[in-house]
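Report on the structure given below.
The values are calculated or read from the model by the stated rules, or taken from the named source; none is laboratory data. Keep in mind that this is a model prediction, so the values were computed, not measured. In this analysis, Cβ positions are derived from the backbone assuming ideal geometry, glycine residues included, and neighbour counts consider all displayed protein chains. Areas reflect the complete protein model, heavy atoms only, side chains present, ligands, DNA and RNA absent. Shrake-Rupley method; radii C 1.70, N 1.55, O 1.52, S 1.80 Å.
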Amino acid sequence: MDEELVEYSPQELIAEVKVIISSGELNDERFKYIGDLLHKLASRSDLKSIGEHRGKGVNAVDSYVLYRDDEPDGPIIILAEFDKPTKIHNHGTWGVMCAYEGREKYKQWKRMDEGDELGKATLRLVTDIVLDVGDIVWWPDVPNDIHMQDPIDDSMWQLVLMGRNTLGADEEHYDPDLGLRWPADIPPHMRSSKTRG
Ligand SMILES: [Fe+2]
């Protein structure tokens with residue numbers, strides 16, 4: 001087994017990501033590069049044992065934190081398990097993810113309105129794909145960070161890097177058919193935990 005792959009750590013990944021972030025605006029090419037780094041980290045089979053167990057998140061049924069930045073709004077890496085479709089949600093930040101175990105359907109929307117009408121959102125579906133183990137996908141920064149995950153297998157684990165640890169403060173749920181949005185129902189203990197998923 002390639003020792004370098006086994007030893008690749010969340011800290012090394014973040015160091016590389018910070019270089020990418022500082023080199024200019026995040027475009028598809030840079031998101032793909034970050035996705036390839038996540039894919040490299042996902043080649044480790046021991047991620048659950050090196051992570052800090054967090055348990056249930058807003059959408060996730062179980063999760064581990066693999067990296068939490070010293071800066072409160074710095075990047076965060078979470079390994080999260082899903083056993084049912086998530087609500088259509090945002091995160092208040094860009095993100096990149098890599099399927100770790102199991103498959104899922106992944107959808108992403110683009111925000112078509114200005115976001116200035118309370119409770120309303122006009123969304124256009126722009127991504128509708130199946131992620132197999134090792135596949136990567138990314139969502140851009142606000143306001144186009146709206147997506148949902150729908151496990152195909154009984155459960156699936158995914159490795160998620162979020163650009164900023166946004167504490168759930170701006171998280172919303174959406175109904176594209178009705179053109180509605182509303183604040184996510186995030187329990188207080190999760191808002192203060194600095195980790196979500
Ligand atoms: Fe998400």
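Structure data summary
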read-out	value
Number of positions in the stretch 136-157 that are in contact with a Cys (Cβ under 7 Å, 6 or more places away or on another chain) and under 10 Å from residue 104 (Cβ atoms)	0
The stretch 123-171, subset over 11 Å from the mean Cα position of the chain (by Cα) and within 12 Å of the ligand (Cβ to nearest atom), residue surrounded by the fewest Cβ atoms within 10 Å (Cβ to Cβ)	150
Selection within the stretch 111-121 - free of Cβ contacts under 8 Å to residues at least 60 places away in the same chain and open to solvent by 80 Å² or more (accessible area, probe 1.4 Å)	112, 114, 116, 117, 118
Hits in the stretch 83-110 (condition: part of a strand (DSSP E or B) and either of a type in the set (A, V, I, L, M) or more than 15 Å from the ligand (Cβ to nearest atom) (or both))	96, 97, 99, 101, 110
Qualifying positions in the stretch 172-185 - open to solvent by 10 Å² or more (accessible area, probe 1.4 Å) and assigned to a loop (DSSP other than H, G, I, E, B)	176, 177, 178, 179, 185
Test result for residue 27, under 30 Å from residue 183 (Cα atoms), more than 15 Å from the chain's Cα centre (by Cα) and of a type outside the set (Phe, Trp, Tyr)	yes
Odd one out for residue 35, checked against (1) within 20 Å of residue 142 (Cβ to Cβ); (2) assigned to a helix (DSSP H, G or I); (3) open to solvent by 60 Å² or more (accessible area, probe 1.4 Å)	(3)
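Residue-by-condition table, conditions (1) within 30 Å of residue 15 (Cβ to Cβ); (2) touching a Pro at 6+ places or on another chain (Cβ under 6 Å):
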residue: 89; (1), (2): yes, no
residue: 95; (1), (2): yes, no
residue: 107; (1), (2): no, no
residue: 115; (1), (2): no, yes
residue: 138; (1), (2): yes, no
residue: 143; (1), (2): yes, no
residue: 171; (1), (2): yes, no
residue: 175; (1), (2): no, no
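Residue by residue, here is whether (1) in contact with a strand residue (DSSP E or B) (Cβ under 8 Å, 6 or more places away or on another chain); (2) surrounded by 12 or more Cβ atoms within 10 Å (Cβ to Cβ); (3) not in a loop (DSSP other than H, G, I, E, B) holds:
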| residue | (1), (2), (3) |
| --- | --- |
| 13 | yes, yes, yes |
| 31 | yes, yes, yes |
| 41 | yes, yes, yes |
| 44 | no, yes, no |
| 48 | yes, yes, yes |
| 57 | yes, yes, no |
| 60 | yes, yes, no |
